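Reading through the structure tokens given below for one structure.
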Amino acid sequence: MSTRIICIANQKGGVGKTTSAVSLAHGLARSGKQVLLIDLDPQGQSATALGHGPEAGVFYLLTMGESPQETAFLQSWMRFSGREGLQYFPGDQQTMAAQTVLNAQDRPLSSIRESVSRFFKQDLDYILFDTAPSVGGIQERAVWAADLVIVPTATEFLSADGLGKVLRMMSILQERKRWRGSLLGILPTFYDEQTRESKATLDDLRKRFDASLLAPIHRATILRECAAEGRTIFEVDPLCRAAKEYAALTQLVLKF
Ligand SMILES: Nc1ncnc2c1ncn2[C@@H]1O[C@H](COP(=O)(O)OP(=O)(O)OP(=O)(O)O)[C@@H](O)[C@H]1O
Ligand SMILES: [Mg+2]
């Protein structure tokens with residue numbers, strides 16, 4: 001059985017990366033899959049969204065070598081989320097220091113793939129990366145490590161900015177750096193058909209990206225409440241529209 005790596009990325013902040021990573025991770029786990037969510041963002045919000053606290057695990061994951069002792073140490077950082085099938089690997093501000101180490105040591109683009117491949121033996125179906133709103137050594141290596149990338153983008157004017165940069169990074173990695181993964185899709189978020197801005201942005205995205213555009217996630221206050229409570233949308237209200245939308249995204253991912 002092979003482990004699929006999915007990276008959630010957009011260098012723009014506040015576009016729903018963490019919300020999508022956590023919802024998809026729990027969606028996949030609820031479908032019977034074994035999932036590990038790795039928080040590559042120094043803000044450490046994946047853990048808090050699951051009701052836990054940020055911790056330094058990712059710093060070690062990104063900077064340690066591959067000896068059996070180091071692997072055992074890293075395995076001890078895998079945390080059970082309290083939900084069947086869903087583990088997470090916590091990060092915190094120290095992840096920023098890992099970025100400096102990666103650059104100083106000039107680690108190869110493949111270094112994150114190599115770091116996480118030690119977990120492939122653990123019967124994991126999916127590894128998901130939540131990433132920070134920036135471009136840097138970690139984001140590049142996280143995309144390179146991924147089989148599939150989801151790019152959440154808010155349906156607001158100027159949202160195309162961040163989107164363009166991630167997509168450009170992906171094509172450079174594909175064309176020049178032998179990245180073998182691909183874009184799973186662009187995920188429009190904060191969609192609100194009542195506003196002209198939201199509709200116009202979605203129309204524009206449709207024209208530009210066509211088949212790569214996924215079904216939008218509507219703006220929903222409940223998603224904000226979930227994050228604050230440390231519970232996922234499937235726990236707070238599994239029948240609401242946001243839960244159905246993230247369940248549909250989960251089904252799509254399962255078919256890939
Ligand atoms: N569809 C939505 N409707 C309403 N609120 C949402 C939606 N998706 C996410 N949110 C809320 O918007 C805020 C930003 O979302 P989130 O943290 O997922 O974005 P992010 O891209 O991970 O941000 P960052 O770039 O800072 O990591 C959070 O408070 C979250 O609860
Ligand atoms: Mg985030």
Practice problem: Out of Gly13, Gly32, Gly65, Gly53, report the one residue that is of a type in the set (Gly, Ala, Ser) and without any contact (Cβ under 8 Å) to a residue 12 or more places away in the chain. | Solution: Gly65
Quiz item: Which residues, taken from segment 116-138, are under 15 Å from Phe59 (Cα atoms), of a type outside the set (Val, Ile, Thr) and at pLDDT 95 or above?
Solution: Phe129, Asp130, Ala132
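Conditions tested, residue by residue: (1) within 18 Å of Ala227 (Cβ to Cβ); (2) in a helix (DSSP H, G or I); (3) within 12 Å of ligand 1 (Cβ to nearest atom).
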residue: Leu24; (1), (2), (3): yes, yes, yes
residue: Gly32; (1), (2), (3): no, no, no
residue: Pro54; (1), (2), (3): yes, no, no
residue: Glu70; (1), (2), (3): no, yes, no
residue: Thr100; (1), (2), (3): no, yes, no
Quiz prompt | Within segment 7-22, tally of residues that are assigned to a loop (DSSP other than H, G, I, E, B) and either away from ligand 2 (no atom under 16 Å from the Cβ) or not small (Gly, Ala, Ser) (or both) | solution = 4
Exercise. Return the residue satisfying two criteria in turn: it lies in segment 40-49 and is in contact (Cβ under 8 Å) with a residue 60 or more places away in the chain, farther than 19 Å from Ile5 by Cβ and part of a loop (DSSP other than H, G, I, E, B), and of such residues it is nearest to ligand 2 (Cβ to nearest atom).
Key: Gln43
Quiz item: Does segment 84-95 include one or more residues that are assigned to a loop (DSSP other than H, G, I, E, B), crowded, with 18+ Cβ neighbours inside 10 Å and modelled with pLDDT under 95?
Solution: no
Quiz prompt | Counted residues, segment 1-21 - those being under 8 Å from the mean Cα position of the chain (by Cα) and within 14 Å of ligand 1 (Cβ to nearest atom) | solution = 7
Self-check item: Cβ pairs under 8 Å, 6+ apart, first in segment 123-148 and touching a residue at least 24 places away in the same chain (Cβ under 8 Å), second aromatic (Phe, Trp, Tyr) and within 16 Å of ligand 1 (Cβ to nearest atom)
Solution: Ala142/Phe129; Ala145/Phe129; Ala146/Phe129
Exercise. Residues being surrounded by 20 or more Cβ atoms within 10 Å (Cβ to Cβ) and out of contact with any strand residue (DSSP E or B) (no Cβ under 9 Å at 6 or more places or on another chain): count how many of those fall in segment 183-222.
Key: 1
Practice problem: Please indicate, with yes or no, whether at least one residue in segment 228-240 is under 25 Å from Gln34 (Cα atoms), of a type in the set (Val, Ile, Thr), at pLDDT 95 or above and in contact with a Lys or Arg (Cβ under 9 Å, 6 or more places away or on another chain). | Solution: yes
Quiz item: Ala142 passes all but one of (1) out of contact with any Cys (no Cβ under 7 Å at 6 or more places or on another chain); (2) assigned to a helix (DSSP H, G or I); (3) of a type in the set (Gly, Ala, Ser); which number fails?
Solution: (1)
Quiz item: Which number in (1) surrounded by 19 or more Cβ atoms within 10 Å (Cβ to Cβ); (2) touching a Leu at 6+ places or on another chain (Cβ under 8 Å); (3) within 30 Å of Lys255 (Cβ to Cβ) marks the one condition that Gln34 misses?
Solution: (1)
Quiz item: Give me the pairs: first residue in segment 210-223 and free of Cβ contacts under 8 Å to residues at least 24 places away in the same chain, second residue more than 8 Å from ligand 1 (Cβ to nearest atom) and in a loop (DSSP other than H, G, I, E, B), beta-carbon distance under 8 Å, and six or more apart or on different chains, which are they?
Solution: Ala220/Cys240; Ile222/Asp237; Ile222/Cys240
Exercise. Return only the number of the condition from (1) assigned to a loop (DSSP other than H, G, I, E, B); (2) more than 14 Å from the chain's Cα centre (by Cα); (3) within 16 Å of ligand 1 (Cβ to nearest atom) that Pro108 does not satisfy.
Key: (3)
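The values are calculated or read from the model by the stated rules, or taken from the named source; none is laboratory data. Note that the coordinates shown come from a computational prediction; the quantities given were computed from them, not determined experimentally. As a convention, Cβ positions derive from the backbone with ideal geometry for all residues, glycine included, and neighbour counts pool all protein chains shown.
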